[in-house]
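Structure first, commentary second.
The values are calculated or read from the model by the stated rules, or taken from the named source; none is laboratory data. Given the structure is predicted, the values throughout are model-derived calculations rather than measurements. FYI the Cβ positions are ideal-geometry reconstructions off the backbone, even for glycines, and counts take in every protein chain you see. The protein model used for the area step is the full one, side chains on, heavy atoms only, and it has no ligands, DNA or RNA in it. Shrake-Rupley method; radii C 1.70, N 1.55, O 1.52, S 1.80 Å.
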Amino acid sequence: MNAELISIVIPVYNEAESLPSLFKRLFPVMNSYTHEIIFINDGSNDNSLEILEHEQKNNSCMKVIDMHGNYGQHKAIMKGFENAEGSLIITMDADLQNPPEEIPRIIEQYNHGHDVTGTIRMKRHDTFFRKTASRIVNCITNIITGFNIHDYGCMLRGYSREIVKGILGYKDEDIFIPALAQRLANNPVEINIAHSEREYGESKYNLHKLIKLFMSLIRTAYIARRRK
Ligand code: UDP
Ligand code: MG
């Protein structure tokens, strides 16, 4: 497999402070590739949408989609998938916790024939509570699915067009994307990836959103298991 057009899909919820630094680091990395960058504004109530639309005027590789409401990270990514035209589709967060400089390593895995590139955050820069909760959730999910995935929560991941097509079959359901992708994959790989502290603002996940995310992961784990 050789990536022709590469789509980067980035959900954005109140990331006005992070976006300028994201542009500054992401665009030079992607300029070495034929690419499009799809930003999905997930109902931000700061001026993220204005910043994105302003930047788009100077960048023909950018697409900006507005969800007109806050539907959550995974629904926003689904919307990005619907609009992605690449042969390789890479998801990442907007807050620079996923360093854009790691993207070439995902592209390399795709070029080696991997249809799903999962990632494990090295030296994860999150609170003790979040890291412990993730460890427990990873473990429960692996028990349900029978997978052996180390880090379901890192969203800097790569999917072939075929995998994204498969995921879009579930677009009306409440899906946790990495778990479903693993079930659909023919040749998945997991690589270690750098992780940074959030430089601007705070996590957009409060306890309520974290519980919803957990329930979506468990639901997806059962769907993934049923397909065995
Ligand atoms: N996000 C989103 N909708 C939400 C919550 C988060 O689109 O309701 C986006 C957010 O802007 C970021 C990514 O999802 O690009 C991950 O969010 P965050 O960094 O707050 O999560 P954490 O790192 O705390 O897991
Ligand atoms: Mg983050």
Check: Based on the Kirkwood radius over alpha-carbon pairs, what is the Stokes-Einstein translational diffusion coefficient of the stretch 1-78 at 25 °C with 0.890 mPa s viscosity, in µm²/s?
Finding: 191 µm²/s
Next item on the list: Take every DSSP beta bridge whose two residues both sit in the chain, then give the antiparallel share in percent to the nearest 5.
Entry: 20 percent
Next item on the list: Identify which of Thr119, Thr127, Thr145 has the largest mean-square fluctuation in a Gaussian network model of the chain, with springs joining Cα atoms closer than 10 Å.
Entry: Thr127
Next item on the list: Determine the per residue accessible area of the stretch 73-228 with all protein chains present and a 1.4 angstrom probe, expressed in square angstrom.
Entry: 47 Å²
Checklist line | Whole-Hz ³J(HN,Hα) from phi, Karplus 6.51 cos²θ - 1.76 cosθ + 1.60, for the stretch 190-202, glycine and proline x | finding: 10, 10, 6, 9, 5, 9, 10, 6, 6, 7, 10, x, 10
Note to self: As an exercise, identify the trypsin sites (Lys or Arg not before Pro) in the stretch 1-62 lying in DSSP coil whose Cβ has no more than 14 other Cβ atoms within 10 Å.
What the structure shows: Lys57
Next item on the list: For the stretch 52-172, state what percent of all Cα-Cα pairs lands in each successive 10 Å bin, counting from 0 Å until the bin that includes the largest distance.
Entry: 11, 36, 40, 12, 1
Check: Once the dipole of the chain is set up with Lys and Arg at +1 and Asp and Glu at -1 on Cβ about the Cα centre, which of Ile37, His68, His150 lies farthest towards its positive end?
Finding: His150
Next item on the list: For the pairs Lys24/Lys123; Lys123/Lys165; Lys63/Lys204; Lys57/Lys212; Lys24/Lys171; Lys63/Lys131, note any where the Cα-Cα span goes beyond 30 Å.
Entry: Lys123/Lys165; Lys57/Lys212; Lys24/Lys171; Lys63/Lys131
Check: Under a point spin-label approximation (7 Å from Cα along Cα-to-Cβ), what is the Phe128-Lys171 distance to one decimal in nm?
Finding: 4.4 nm
Check: So what is the diffusion coefficient of the chain in µm² per second by Stokes-Einstein at 10 °C and 1.306 mPa s, using a Kirkwood Rh over Cα pairs?
Finding: 90 µm²/s
Margin query: Just to make sure I understand: if all protein chains stay in place, what is the order of Phe27, Phe39 by accessible area at 1.4 Å, largest first?
Written below: Phe27, Phe39
Item checked: Neighbour net charge for Gly201 - beta-carbon separation under 10 angstrom, K R +1, D E -1 -> -4
Next item on the list: Only Cα pairs under 8 Å and at least 6 apart count here; give the relative contact order of the chain as a rounded whole percent.
Entry: 25 percent
Check: Between Glu36 and residues 5 or more places away or on another chain, which pairs have amide H atoms under 5 Å apart, with H built 1.01 Å from N, and which residues are they?
Finding: Ile6, Ser7, Ile8
Notebook entry, point to check: Roughly to the nearest percent, how much of the accessible area of the chain is carbon and sulfur, given a 1.4 Å probe?
Noted result: 51 percent
Check: When the Cα atoms of the stretch 126-228 are enclosed in a convex hull and the volume is divided per residue, what value in Å³ results?
Finding: 120 Å³
Checklist line | Rough spin-label spacing in nm, given labels placed 7 Å along Cα→Cβ, for Glu101 and Glu85 | finding: 3.2 nm
Note to self: Quick check: the distance between the Cα centres of the stretch 66-128 and the stretch 153-200, to the nearest angstrom?
What the structure shows: 7 Å
Notebook entry, point to check: About the Cα centre of the chain, what is the dipole size in debye to 20, counting +1 per Lys and Arg Cβ and -1 per Asp and Glu Cβ, all else neutral?
Noted result: 1060 debye
